[in-house]
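Shown next, in structure tokens, is the structure this report addresses.
The values are calculated or read from the model by the stated rules, or taken from the named source; none is laboratory data. It should be emphasised that the depicted structure is a prediction, and the values quoted were computed from it without experimental measurement. Please note: Cβ atoms are built from the backbone with ideal geometry, for glycine as well, and neighbour counts cover all protein chains shown. Just the protein is used for accessible areas: all its heavy atoms, side chains included, with ligands, DNA and RNA removed. Shrake-Rupley method; radii C 1.70, N 1.55, O 1.52, S 1.80 Å.
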Amino acid sequence: MSVVLVVLAVSAAVRVTHNNQVLPGVRVDGVALGGKTRGEARRTLAAIAEQAAHEPIRLVAGDRRLTIAPEEAGYAVDLDATITRAMESGRGGPFAGLWTTVAGVFSGRDVALVQRVDRPALARAVGSLTDRLGRRSFPGELVIDPGNLEITTKAPRSGSEVDRVLFAARLAAALRHRPRGTVEVPLRAVHAASAAAVDAVGRAARDYLETPLTLTGAGDPLELSPNELAGVLALESRDGGRPVRLGAGDERLAALVAEIAAKRDRPARDARMDAPARVVTFDAKGDAAWRPRKADVSLITKPRDGRMIKREQLAAAIEAAVRAGRHAVRVPTQHVDPDVSAVDARQLKQLIGTFTTYYVPGQPRVTNIKRIAADVDGTIVAPHAKFSLNATAGQRTKAGGYVEAPFIADGKIKPSIGGGVSQFSTTLYNAAYFAGLQIDGHRPHSFFIDRYPAGREATLNFPDIDMTWTNDTDTPVLIRTSTDNNSVAVSLYGDNGGRRVEAKAGDRMPVDGGDFSIVVTREIRYADGKVLEQPFTTKYDKPPAAE
């Protein structure tokens, strides 16, 4: 009984004097922590943790030697968990840990560092070290002189590769061991083909180059000469590198196939139609209505189907022929239909939309309007295809016949090559608008210009401001343009299913700090009785003062 009382008394005294402190005798990594608070223990262990994270591990792989810092392999010390273990040491066990507390006064207790290894980081480290620790095998190589087609070979060489799974397990164990030791990196031998096998591939290459390779199935037969074939022949290794055979190199073969395709691809040709450039003048600036009219559209160029070489399949066919020693390949092709067929062309029965705007004769801007009109004239937009004015006309340049003329930029009028083409954009926009086509994108001018319909106009600038619409009908749309001394007109031919369009302009409303705003509503009436209303609001700034 007296011994128990002594143990109780000593234990109680130790616990009272070490309240919120590590009990006597506790050591971590050989360092005594007894009597230290949590913060003091953290400061003491921080240096140990830092050393553990940086103490290198030596790696030995055959005759190769490397070192790696533990933190590079995902190693870290959990200080909080380690300190918690140290604080709890001696406070548990039989009789609420009373005997353990007393024993610590006379003998030490070791608490292990809590060490963690991040598995993804360990896997990345193993992956990055694999090539450095192993030795790649070399299957051998064909060397063909492009001048005289002389063929020599480079001898093969065996190698070794790292067993990643076993290496990762050994490295993870070494990371947790203190002091750090050396890791023997597990290697597997990778055997290469024999020199005799590589020489046999060289002889097969010499035999293959004695005869051209004939390609058929895409026009007239095409022969690939030995000089052309020499660039693609290569030694192929299989099943880990030991069996080798004659094959073809991927990059060089792809380049050869691209050259063949450039010679034998045949683009499809669309049907080309003709129609009057200007049948009627429609130039309303305010409220207006339009319905399609019968038109005389003629087929002037018949369509032609196209042909496209299947590049990947051709490369595979040539490679298979080389492996088998064959000298004939049928070129795989794909049929390409024209976007606009003769059937499509015969469906263009109507003038579905038109519009005319006016200009002052002789101004430089008129030159640009006529130029862009000529560039767009005759364009055919396939069913459900999107039309872009910038993409069709291209950049306006002096070389393209455009001149310098006034242009609106940042709210000011400045000279620019191609100035004035916004009038053509507005004209085409209105033609598509009254044709009832799907308007995708347009931007009104920043201030109102009275030669255009208010709220129904579209500026243009290459490449950032475009005017786009979609031919949302089942027939092609033919664009015809016409210019004279005073005006530009755009006529659209197709079959929009009898859509009738009405434009209704609201009142001009004042705008704080600006000029006015206006809402113009497009009402499309379809043949089935459906009515679609599309309001669009335009806000205009005040025009710049004359300079």
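Here are some notes:
- Looking at the stretch 192-235, the GluC sites (Glu not before Pro) that sit in a DSSP loop and have at most 11 other Cβ atoms within 10 Å of their own Cβ are Glu210.
- Farthest toward positive dipole pole in the chain [+1 Lys/Arg, -1 Asp/Glu at C-beta], among Leu133, Ile439, Ser388: Leu133
- Amide N of the stretch 56-95 lying under 18 Å from the label point, which is placed 7 angstrom from the Cα of His177 along Cα→Cβ: 56-62, 65-71, 73-76
- Estimated from the Cβ-Cβ distance and a Förster radius of 35 angstrom, the FRET efficiency linking Ala391 and Thr130 is about 0.10.
- Computed extension length for Glu259-Ser194: 19.8 nm, one decimal, from 0.36 nm per residue of separation with the Cα-Cα distance subtracted.
- Using a cutoff of 8 angstrom between alpha carbon atoms and counting only pairs six or more residues apart, the relative contact order for the stretch 140-205 works out to 40 percent.
- Here the peptides 508-514, 532-538, 231-237, 31-37 are ranked by packing, the mean other Cβ count within 10 Å, and the order with the highest first is 231-237, 31-37, 532-538, 508-514.
- Cα extents for the stretch 276-323 along the principal axes, largest to smallest and rounded to whole angstrom: 73, 27, 15.
- Shape category assigned to the stretch 270-423 from the gyration tensor of Cα positions, a/c cut at 1.5: oblate
- Debye log10 I(q)/I(0) for the chain, one point scatterer per Cα, at q = 0.05, 0.10 Å⁻¹: -0.56, -0.89
- With Cα atoms, 0 to 90° folded angle of helix 38-54 axis to the chain main axis: 70 degrees
- Here each label is just a point 7 Å from Cα along the line to Cβ, and for Thr211 and Glu404 those points are 6.9 nm apart.
- Heavy-atom accessible surface of the chain: percent carbon and sulfur, 1.4 Å: 51 percent
- When the Cα convex hull of the stretch 113-158 is projected onto planes of every orientation, the mean area is 5.5 nm².
- Estimated FRET transfer efficiency when R0 is 60 angstrom, pair Arg311-Asp515 (beta carbons, to 0.05): 0.55
- Convex hull volume per residue in cubic angstrom - Cα atoms of the stretch 133-195: 93 Å³
- Bins of 10 Å, starting at 0 and running to the largest distance - Cα pair percent for the stretch 248-343: 13, 26, 19, 15, 12, 10, 5, 1
- Equivalent ellipsoid, the stretch 299-356 (semi-axes from 5 times Cα gyration tensor eigenvalues, Å): 45, 11, 7
- Three semi-axes of the equivalent ellipsoid, the stretch 359-473, Cα gyration tensor, whole Å, largest first: 23, 17, 12
- The stretch 415-547 - convex hull of alpha carbons, volume per residue in Å³: 135 Å³
- Shape call, the stretch 230-280: gyration tensor on alpha carbons, a/c limit 1.5: prolate
- In a reduced charge model with +1 at each Lys and Arg Cβ and -1 at each Asp and Glu Cβ, the stretch 493-547 shows a dipole moment near 240 debye about its Cα centre.
- Relative to the dominant Cα principal axis of the chain, helix 79-88 is inclined by about 30°.
- Reduced Cα scattering model of the stretch 103-240, Debye log10 I(q)/I(0), q = 0.14, 0.18 Å⁻¹: -0.82, -1.02
- Relative contact order, whole percent, for the chain stands at 10, derived from Cα pairs under 8 Å and 6 or more residues apart.
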